[in-house]
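Undergrad: After the structure tokens below, expect a handful of questions from me.
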Amino acid sequence: MFKNVFRFYYEGFRSMTWGRKLWGIILIKLFIMFAILRLFFFPDILQKEFNSDEERSNYVLEQLTNP
Amino acid sequence: MLDSIDMSLVDWSRGQFALTAMFHWIFVPLTLGLSFIVAFMHTIYVRTGNEEWKQITKFWMKLFGINFAIGVSTGIILEFEFGTNWSNYSWFVGDIFGAPLAIEGILAFFLESTFVAIMFFGWNKVSKRFHLTATWLTAFGASLSAIWILVANAWMQKPVGTAFNPETARNEMTNFWDILFSDMAVNKFLHTITSSFLLASIFVIGVSAWFLLRKREVLFAKRSTIVASVFGVIAGIATIFTGDTSARIVGREQPMKFAAMEALYDGQTHAPLVAIGALRTDTAGLPMPREDFIFKFEIPNALSYMVFLTPSGFIPGITDLVYGNEEQGIISYEEKIERGAVAIQTLKELKRAKERGDEATYTALRKKFDDPQWLKEYYQHFGYGYYKGRELKELIPNVKMSFYSFHIMVMLGTHFLIFSIIALWLSLKNRWGNHKWLLWVAILTLPMPWIASQTGWLVAEMGRQPWVVYELMPNITAVTRLTPGAVQLTFWIFLATFTVLFIAEIKILATQIKKGPGGK
């Protein structure tokens, strides 16, 4: 069954004569998004700066209560 | 802390989010609408066995595929921004957003992506009926994935079914169904998908008109126009109906947005609806700038009727909402600011009590956050507390932007419905294509649904400013304290990337359209 599913996708992608340029664009887009933007420009600040949910809560509470 | 906040940080962060969302929204409505049009065409092919319909289906499926592929995952960038640029907000709403978005990811996305593959690759490989089922499931899957993000957005506009936990600073879900079926969520979903269906119909009619003008693929173009115009008329009527319901909900739940949409400063009963108008900013001698009409054409009583279904309904103006109106039971922003400040102070004292281990004070204060009366009186205005000592005008959305966006959306929406009716009528009489000028109108109309759709979102999002979570969290509190320069950098990176992607989409679409239904 898995072999059939694989063949289905494999042949489908191979026969996409109009899709090669499109796939190129998609791969470049995903690379920019996940390998560049996510890694270098968009860290999850609270995940990165704090080790536990309690620390995160305390930080946000501080932000909310000391306007 | 907020006194020292660099407003350019807030503005750049908002600009960046708006840019990403607006770019994402170029692709989404076409995916939502075109998937159903393709499904209708595919159904006709399966029922008739006519090869011409197979070609028609394959052509529009190809355009759907290009749009889907380029647009897919552009929305994930918004989630990156939640974690980086809006971390306080992200934490504050985490549990509410977590559930709907997780469902979106697991259920709808996998359903959609599995059946998209069968839809594209299934020709002559799976049975006709299974193939058709996959096409329909792709269409429903696309709409299903839209539900969850729209539910999350609706919750930000009307936070229901949740309770704020003062220990964790997070909102926790108390009733999933209240969130899913809030009037705001249901109507937002219906208005969004029906307007997306209308957008796709106009797209198909416009592209078909190009073929007719060039006298190419005439049968293909006429058949495509019939399917699209039937769909367009139904979607157009539904869009106007849901838009009307939306105005009613906004009028009751977000009166400031509603007043801004109509540039209504002084509340009144028998309030007229401005059909067309132009605004001029007047700053002379007023405590805050005011938009006056240079000219306007009004429909008497229509605004009151729109919200309350009776002309005697009182529609509060911006002045009533800011300064209060005792007669109408509207409390002033000053009062809301005071009450909000009490709620913030209570939260602060609760935090301090916990830190110093003062159990008695902590328990007494913690009880307040479970007391419905206190919540209604104070916590409901929590967000206003951040405006103590700040200018009141910060609590008023951009009136010009709200007014023009709303009116452009309504005017264009009406044009699309009338145009779809004309296209359908002439198609049924087999006279569509006889009038060159109408085909040109179809081509010129083609980009307009995107303008209408984007302005619709501008009304929804700009009109509720400064609130990120309505009346609970303003943008100045939600934003992460980054340097404005860092946000500017990513803004320009996005702009460059998105522009390239957009040009690529247009080029690939145009190439495939030029090749026509017989092209490889």
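Undergrad: Within 10 Å of each candidate Cβ there may be at most 11 other Cβ atoms; applying that plus a DSSP loop requirement, which trypsin sites (Lys or Arg not before Pro) in the range B:146-247 survive? Provide the component values of the computation, followed by the final result.
TA: Working: sites: B:Arg170, B:Lys188, B:Arg214, B:Lys215, B:Arg216, B:Lys222, B:Arg223; in loops: B:Arg214, B:Lys215, B:Arg216.
Sites meeting the loop and neighbour criteria: B:Lys215.
Undergrad: On C-alpha positions alone, give me the angle between the axis of helix B:87-103 and the longest principal axis of chain B, in degrees, nearest 10.
TA: Compared with the principal axis, the helix lies near 40 degrees.
Undergrad: Let me know the mean shielding of B:470-479 by other chains, meaning the per-residue number of their Cβ atoms within 10 Å of its Cβ.
TA: The shielding value for this peptide is 1.
Undergrad: Ordered by residue, what ³J(HN,Hα) values in Hz, to whole numbers, does the range B:13-27 give under the Karplus form 6.51 cos²θ - 1.76 cosθ + 1.60, where θ = phi - 60° and Gly and Pro are x?
TA: My calculation for the range B:13-27 gives 5, 5, x, 5, 5, 4, 4, 5, 5, 5, 5, 4, 6, 5, 8 Hz in order.
Undergrad: State the extension gain, in nm to one decimal, for the chain segment bounded by B:Arg356 and B:Glu391, taking 0.36 nm per residue of separation less the distance between their alpha-carbons.
TA: Between B:Arg356 and B:Glu391, full extension yields 9.1 nm more.
Undergrad: Which Cα, out of A:Leu46, A:Leu61, A:Leu22, lies furthest along the positive dipole direction of the range A:2-65 (beta carbon charges, K/R +1, D/E -1)?
TA: Projecting each Cα onto the dipole axis, the largest value belongs to A:Leu22.
Undergrad: Find out how many positive minus negative residues lie around B:Thr74, taking Lys and Arg as positive, Asp and Glu as negative, among other residues whose Cβ is under 13 Å from that of B:Thr74. Working shown, then result.
TA: Details: positive: A:Lys29; negative: B:Glu79, B:Glu81, B:Glu505.
Every neighbour counted, the sum reads -2.
Undergrad: Starting from the Cα gyration tensor of the range B:374-520, take the square roots of the eigenvalues, sort them a ≥ b ≥ c, and report rounded, prolate or oblate (rounded when a/c is under 1.5, otherwise prolate if a/b is larger than b/c, else oblate).
TA: Numbers: a/c = 3.68, a/b = 1.84, b/c = 2.00.
Oblate is the answer for the range B:374-520, as a/c is 1.5 or above yet b/c matches or exceeds a/b.
Undergrad: Place +1 on the Cβ of every Lys and Arg and -1 on the Cβ of every Asp and Glu in the protein assembly as shown, take the dipole about the Cα centre, and give the residue among B:Phe220, B:Ala163, B:Thr477 whose Cα lies farthest towards its positive end.
TA: Towards the positive end, the residue furthest out is B:Phe220.
Undergrad: When a/c reaches 1.5 or more, the comparison of a/b and b/c decides; with that in mind, is the range B:444-520 rounded, prolate or oblate per its Cα gyration tensor?
TA: Working: a/c = 4.33, a/b = 1.84, b/c = 2.36.
It is oblate, given that a/c is not under 1.5 and a/b is not larger than b/c.
Undergrad: Quick one: what are the phi-derived ³J(HN,Hα) couplings along the range B:378-386, Karplus 6.51/-1.76/1.60 with θ = phi - 60°, whole Hz, x for glycine and proline?
TA: Ordered by residue, 3J(HN,Hα) equals 10, 5, 4, 9, 3, x, 5, x, 6 Hz.
Undergrad: Which whole number gives the average, over all residues in A:5-11, of C-beta atoms from other chains lying within 10 Å of the residue C-beta?
TA: 2
Undergrad: If you place +1 on the Cβ of every Lys and Arg and -1 on the Cβ of every Asp and Glu, how big does the dipole about the Cα centre of chain B come out, in debye to the nearest 20?
TA: Computed charge dipole of chain B: roughly 2820 debye.
Undergrad: 5 Å is the cut-off here: which amide hydrogens, built 1.01 Å from N in the peptide plane, fall below it relative to B:Glu298, excluding neighbours closer than 5 in sequence?
TA: Amide H to amide H, under 5 Å and 5 or more residues apart or across chains, B:Glu298 pairs with B:Ala275.
Undergrad: Using a cut-off of 25 Å between alpha-carbon atoms, which lysines can reach B:Lys351, once sequence neighbours fewer than 8 places away in the same chain are excluded?
TA: Result set, ordered by chain and number: A:Lys48, B:Lys336, B:Lys367, B:Lys368, B:Lys376, B:Lys388.
Undergrad: Here's a follow-up. Whole angstrom only: what separates the Cα centroid of the range A:29-54 from the Cα centroid of the range B:342-361?
TA: 33 Å
Undergrad: Now for a different question. Checking the cross-link filter: which lysines have an alpha carbon closer than 27 Å to that of B:Lys296, excluding same-chain neighbours under 8 positions apart?
TA: B:Lys257, B:Lys393, B:Lys400
Undergrad: Write down the Kirkwood hydrodynamic radius of the range A:2-65, to one decimal in angstroms, obtained as one divided by the mean of 1/r over all alpha carbon pairs.
TA: Numbers: mean 1/r = 0.0634 Å⁻¹.
One over the average 1/r among Cα pairs gives 15.8 Å for the range A:2-65.
Undergrad: Further question: Can you pull the semi-axes for the protein assembly as shown, root of five times each eigenvalue of the Cα gyration tensor, sorted largest first, whole Å?
TA: 44, 31, 20
Undergrad: Can you spot the lysines whose alpha carbon is less than 30 Å from B:Lys429's alpha carbon? Ignore those fewer than 8 places along the same chain.
TA: Of all the lysines, those that pass the test against B:Lys429 - Cα under 30 Å, at least 8 places apart if same chain - are B:Lys54, B:Lys58, B:Lys62, B:Lys215, B:Lys222, B:Lys514, B:Lys515.
Undergrad: Between A:Ala35 and B:Trp374, what FRET efficiency follows from the Cβ-Cβ distance if R0 is 60 Å, with the result rounded to 0.05? Display every interim value, and only then the final one.
TA: Numbers: r = 49 Å, r/R0 = 0.82.
My answer for the efficiency is 0.75.
Undergrad: Can you sort B:Met462, A:Met1 so the residue with the fewest Cβ neighbours within 10 Å comes first? Display every interim value, and only then the final one.
TA: Working: B:Met462 20, A:Met1 5.
Fewest-to-most ranking of B:Met462, A:Met1: A:Met1, B:Met462.
Undergrad: With no solvent and one equal point scatterer placed on each C-alpha of the range B:374-445, evaluate the Debye formula and give log10 I(q)/I(0) for q = 0.24 Å⁻¹, two decimals.
TA: Calculated log10 I(q)/I(0) at the listed q: -1.03.
Undergrad: Between B:Asp6 and A:Trp23, take the C-beta separation as r, use R0 = 51 Å, and let me know the FRET efficiency to the nearest 0.05.
TA: 0.75
Undergrad: Can you list residues whose amide H is under 5 Å from B:Ala278's amide H, if they're 5+ apart or on another chain and H is modeled 1.01 Å from N?
TA: Under 5 Å from the amide H of B:Ala278: B:Ile294, B:Phe295.
Undergrad: In whole angstrom, note down how far apart the Cα centers of the range B:378-427 and the range B:12-73 are.
TA: That distance is 26 Å.
Undergrad: Taking each residue of A:37-47 in turn, how many C-beta atoms of other protein chains fall within 10 Å of its C-beta, and what is the average?
TA: Numbers: counts 9, 6, 0, 1, 8, 9, 4, 7, 11, 8, 3.
Taking all residues of A:37-47 together, the mean is 6.
Undergrad: Enter the mean projected area of the convex hull around the alpha-carbon atoms of the range B:151-242, in nm², rounded to one decimal.
TA: Result: 7.8 nm².
Undergrad: Right, here's the next one. With viscosity set to 1.567 mPa s at 4 °C, what whole-number translational diffusion coefficient in µm²/s follows for the range B:55-99 from Stokes-Einstein and a Kirkwood radius over Cα pairs?
TA: Approximately 101 µm²/s, per Stokes-Einstein.
Undergrad: A further question follows. What is the Cα coordinate range of chain B on the first, second and third principal axes, sorted by size from largest, in whole angstrom?
TA: 78, 52, 42
Undergrad: With θ set to phi - 60° and the Karplus curve 6.51 cos²θ - 1.76 cosθ + 1.60, what are the ³J(HN,Hα) couplings of the range B:169-183 in order, to the nearest whole Hz, using x for Gly and Pro?
TA: Ordered by residue, 3J(HN,Hα) equals 6, 10, 8, 10, 5, 10, 8, 4, 5, 4, 6, 5, 10, 5, 4 Hz.
Undergrad: Using alpha carbons only, how many angstrom separate the centre of the range B:449-520 from the centre of the range B:254-304?
TA: After rounding, the separation between the Cα centres reads 29 Å.
Just so you know, all these numbers are worked out from the coordinates, no wet-lab data involved. Keep in mind that what you see is a predicted model, and the values were worked out from it rather than measured. All Cβ positions, glycine included, derive from the backbone under ideal geometry; neighbour counts span all protein chains shown.
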